[in-house]
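The values are calculated or read from the model by the stated rules, or taken from the named source; none is laboratory data. All of these numbers come straight from a predicted model, not from anything done at the bench. For neighbour counting, all protein chains shown are included, and Cβ atoms are generated from backbone atoms with ideal geometry for every residue, glycine included.
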Amino acid sequence: MAGYWNADIETMDLEALKKLQGERLKATIERVYRNVPYYAEKMKRAGVTPDDINGVEDLKKLPFTYKTDLRDNYPFGTFAVPMDQVVRVHASSGTTGKMTVVGYTENDIHTWSECMARSLTNVGVTSKDIVHVAYGYGLFTGGLGLHYGAERVGATVIPVSGGNTRRQVELLRDFKATVLCCTPSYALYIADEMAEMGVKKEELCLRLGIFGAEPWTEEMRQQIEERLGLKAYDIYGLSEIIGPGVAMECEEKNGLHIMADHFIPEIIDPVTEEVLPPGSKGELVFTCITKEALPLIRYRTRDLTILDWHKCACGRTSPRMFKVTGRSDDMLIIRGVNVFPSQVESVLLKYSEVEPHYMIIVDRKDNLDIMEIQIEVTNGLFSDEVRKLEALERRIREDIESTLGISAKVRLVEHKTIQRSEGKAKRVIDRRQLFK
Ligand code: DLL
């Protein structure tokens with residue numbers, strides 16, 4: 001079994017954890033109220049002062065922070081320290097509008113690599129490992145986040161970044177990497193490229209995969225594990241909170257351990273903004289209690305999940321979040337029915353005749369929403385009889401209809417028709433938005 005990076009914190013009694021969170025929360029609120037006009041204003045409007053915050057139970061008195069708050073104060077207006085204390089910035093681009101810019105002090109970078117070192121140790125990465133980082137380096141937090149964490153555990157880091165997939169395969173083979181870090185969709189792209197180059201998984205030394213930055217299903221996990229010959233684990237994070245390493249699975253694969261001594265999680269109803277009782281599915285909200293440059297308070301992630309506060313079989317007591325199934329703003333409403341791309345993926349990947357490359361296209365014709373799902377068939381299958389392909393299309397269509405409760409057009413397409421992704425995959429084209 002993998003060990004702990006910081007056993008005292010990771011197996012801490014829950015009462016002690018809550019006490020620590022309360023103390024850190026109070027100190028954070030006092031600091032931001034004093035130093036950042038933006039936060040002071042927001043709290044005054046909500047009618048709260050730092051004296052009202054004495055423990056985690058007072059969290060609900062504080063106002064939420066939204067992505068738009070960061071955009072409105074672009075680029076550095078929400079930073080809680082002067083720029084001479086900021087040693088790095090990252091940024092994430094949304095689908096619309098300006099970038100969201102985040103900053104780090106030297107201590108923040110230290111906290112981040114501590115979270116990443118814990119995450120990697122959760123699944124057994126040690127100083128003996130060779131870690132191939134194929135997340136993008138640059139403004140995206142994936143590359144440098146994994147990089148610093150792997151260095152912190154003393155592993156050998158290969159900082160490849162994304163792209164040039166053929167070269168990735170050659171490097172994986174020649175440098176004998178034991179750990180692969182990239183988005184799950186890029187892991188599949190690498191597997192495809194290996195097949196094309198005639199490189200067998202047995203020629204590589206991979207034993208672990210650290211995959212995240214986008215939602216992925218258990219079915220996808222099975223495919224990746226099988227095709228790359230490794231154990232695949234889920235890592236979660238967002239730049240606004242720190243980057244990758246906000247939460248990470250352990251070997252139990254039964255939820256992602258949240259680094260709750262740094263970030264307090266809550267689950268709320270995304271519409272009423274009410275805090276939901278333990279075990280409810282809702283939107284994840286985080287409050288940073290150790291960050292210096294950007295300590296976001298009750299940040300609305302838009303990610304949908306469930307929290308589990310029971311002790312894990314691995315011995316860790318930290319709360320776990322279930323795999324993120326989607327974002328509240330990713331949800332498609334098709335003829336009044338809520339549909340998440342992950343539900344579609346779960347259905348598609350049950351079929352061995354198709355590849356895990358698909359695209360959901362939503363359109364509106366004569367005031368009616370229509371959904372088309374394009375999915376690649378396995379190489380060679382397209383030359384099969386038309387009747388066989390039609391039967392497969394029909395089976396998938398019926399399955400989608402009974403699982404999702406709405407009908408969809410299923411279109412099988414040839415191998416390599418759907419655009420591959422080197423980072424976060426784009427799975428949905430919603431043409432209805434063009435008419436909004
Ligand atoms: O994606 C940080 C990251 C890098 C996480 C590498 C894991 C690995 P952003 O670009 O700010 O940061 O995007 C954050 O990506 O709110 C989720 O919607 C989604 N996301 C991240 N990890 C997961 C995951 C990075 N494991 C947004 N499962 C988040 C599902 C994820 N969604």
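Look through E196, E219, E240 and report the one residue that is within 16 Å of the ligand (Cβ to nearest atom), over 25 Å from S127 (Cβ atoms) and surrounded by fewer than 21 Cβ atoms within 10 Å (Cβ to Cβ).
E219
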Q. Just for segment 387-428: of the residues that are in a helix (DSSP H, G or I) and in contact (Cβ under 8 Å) with a residue 24 or more places away in the chain, which one is farthest from I370 (Cα to Cα)?
A. L392
Q) Name the pairs whose Cβ atoms lie under 6 Å apart, with the first residue in segment 171-191 and more than 21 Å from K426 (Cβ to Cβ), the second in a helix (DSSP H, G or I) and more than 16 Å from the ligand (Cβ to nearest atom), and 6 or more positions between them or separate chains? A) R173/E203
Q: Taking only segment 46-72 into account, find how many residues are in contact with a strand residue (DSSP E or B) (Cβ under 9 Å, 6 or more places away or on another chain) and either over 21 Å from L284 (Cα atoms) or of a type in the set (A, V, I, L, M, F, W, C) (or both).
A: 5
Q) What are the pairs, 6+ residues apart or on separate chains, where a residue within segment 286-309 that is within 19 Å of V89 (Cα to Cα) has its Cβ under 7 Å from a residue that is among the small types (G, A, S)? A) E292/A80; A293/A80; A293/G103; L294/A80; L294/G103; P295/A80
Q: Might you let me know whether segment 103-118 holds any residue that is within 14 Å of the ligand (Cβ to nearest atom), out of contact with any Pro (no Cβ under 8 Å at 6 or more places or on another chain) and among the aliphatic types (A, V, I, L, M)?
A: no
Q. Has segment 287-297 got any residue that is outside any loop (DSSP other than H, G, I, E, B), modelled with pLDDT of 95 or more and acidic (D, E)?
A. no
Q) Quick one: I370 ticks every box in (1) more than 16 Å from the ligand (Cβ to nearest atom); (2) over 26 Å from I53 (Cα atoms); (3) in contact with a helix residue (DSSP H, G or I) (Cβ under 8 Å, 6 or more places away or on another chain) bar one, so which box is it? A) (3)
(Q) Under 8 Å between Cβ atoms, which residue pairs at least 6 apart in sequence (or on different chains) link something in segment 243-265 that is closer than 24 Å to G22 by Cβ with a partner that is polar (S, T, N, Q) and in a strand (DSSP E or B)? (A) F263/T287; I264/T287
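Looking only at segment 268-299, count every residue that is touching a strand residue (DSSP E or B) at 6+ places or on another chain (Cβ under 7 Å) and either small (G, A, S) or surrounded by fewer than 22 Cβ atoms within 10 Å (Cβ to Cβ) (or both) and tell me the total.
The total comes to 14.
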Q.
Which condition from (1) under 18 Å from Y233 (Cβ atoms); (2) outside any loop (DSSP other than H, G, I, E, B); (3) in contact with a Leu (Cβ under 8 Å, 6 or more places away or on another chain) is the one that S119 breaks?
A. (3)
(Q) For the condition under 30 Å from T141 (Cα atoms) and charged (D, E, K, R), what is the one hit in E414, E390, E385, E422? (A) E422
Q. Does segment 331-346 include one or more residues that are more than 30 Å from N122 (Cα to Cα) and touching a Leu at 6+ places or on another chain (Cβ under 6 Å)?
A. yes
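Considering only segment 94-116, how many residues are of a type outside the set (G, A, S), outside any loop (DSSP other than H, G, I, E, B) and in contact (Cβ under 8 Å) with a residue 24 or more places away in the chain?
So the answer is 12.
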Q: Inspect segment 134-148 for any residue being buried (at least 24 other Cβ atoms within 10 Å of the Cβ) and of a type in the set (S, T, Y) and give the result as yes or no.
A: yes
Q. Within segment 139-184, restricting attention to residues that are on the phi > 0 side of the Ramachandran plot and out of contact with any helix residue (DSSP H, G or I) (no Cβ under 8 Å at 6 or more places or on another chain), which residue is nearest to the ligand (Cβ to nearest atom)?
A. G163
Q) Quick one: is I210 within 30 Å of I130 (Cα to Cα), buried (at least 21 other Cβ atoms within 10 Å of the Cβ) and away from the ligand (no atom under 11 Å from the Cβ)? A) no
